[in-house]
Amino acid sequence: MLRQGGVLAGYVIHTPPGLSEADLETAGDLGPSFVAGMDDPAASAALSGFDVLHVQDVTARFRETGLAWVEGLGDREALLREELGDVEYEYELHRKGCIIEGIESGLLRRSFYVFNGR
Amino acid sequence: MVRIEHHKELIDRQRVKYERPISAWTALEQAAFGAAMGSNGFTIQAEAEALLAAVPASGSVLDLGTGRGWPGKLIARDGGHRLVGLDMPVEALRLARSAFEAAGVAERAFVCAGEGSALPFASGSFDAVTHADVLC
């Protein structure tokens, strides 16, 4: 759907290269469900016919954003429990916490990339 | 290694997320990030602006996994691009449509139901494709 020479740009949460099977399994549990299928977005894009224009590791900001979510969820717990219900509130808190755990244990990264279609 | 077996569960979870009320969630976003983006992901305002800077200055953009329309609405509003936001849950697309209307870009920003593995567009339809933390 992208024209020749068009741009593919985005943010992707992925694993670092070289993880063991066990670590990949853990990364998949802690991160987004599809994270364990991606350890090198630039290489994957090159295989798909894209040239890499820009890749930037934004994991530090990813962690900051995750921590802001958790803090905000805690600060507004009563209102959010009322609005979302206990199950959804606990789910959101758990998922954000898992992602922070994944980042801090070196299993999850986030990158900003810009690719150019050949 | 991709956990396809969880796909349906994931989509169902996304639907629940998009159906729930969000006024307290919006207040949380405003306090945590200084802007109510309509997201529950990790793409903050500065990152959406970096995405806009990365795409061609004009033309058409396909925003994959558009969710509630973030960051697609920023690209359409601030960049003036024609934009299609693609996602699977219809509940998300309704919210994205509302976000595009609220941002004043409904005449050039549209929504479409579909998934990334079977895109309903002809080759060469877009000058850029964007996505931000799809399925997280």
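Residue-by-condition table, conditions (1) polar (S, T, N, Q); (2) not in a helix (DSSP H, G or I):
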residue: B:R15; (1), (2): no, no
residue: B:T26; (1), (2): yes, no
residue: B:Q30; (1), (2): yes, no
residue: B:A36; (1), (2): no, yes
residue: B:G41; (1), (2): no, yes
residue: B:A48; (1), (2): no, no
residue: B:L51; (1), (2): no, no
residue: B:P56; (1), (2): no, yes
Single residue of region A:66-110 satisfying the filter (free of Cβ contacts under 8 Å to residues at least 40 places away in the same chain and within 12 Å of the chain's Cα centre (by Cα)) that is farthest from the other protein chains (Cβ to nearest Cβ)
A:I100
Any residue at all in region A:72-88 that's farther than 30 Å from B:V16 by Cα and either buried (at least 20 other Cβ atoms within 10 Å of the Cβ) or hydrophobic (A, V, I, L, M, F, W, C) (or both)?
no
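Take the residues of region B:40-58 that are under 14 Å from A:G72 (Cα atoms) and not aromatic (F, W, Y): which is surrounded by the fewest Cβ atoms within 10 Å (Cβ to Cβ)?
B:N40
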Restricting to region B:70-110, count the residues that are modelled with pLDDT under 95, touching a Ser or Thr at 6+ places or on another chain (Cβ under 8 Å) and in a loop (DSSP other than H, G, I, E, B).
2
Return the total of residues in region A:35-65 being aliphatic (A, V, I, L, M) and either more than 9 Å from every other protein chain (Cβ to nearest Cβ) or closer than 13 Å to A:N116 by Cα (or both).
9
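The values are calculated or read from the model by the stated rules, or taken from the named source; none is laboratory data. Everything quoted here is computed from the prediction, not taken from an experiment. For neighbour counting, all protein chains shown are included, and Cβ atoms are generated from backbone atoms with ideal geometry for every residue, glycine included.
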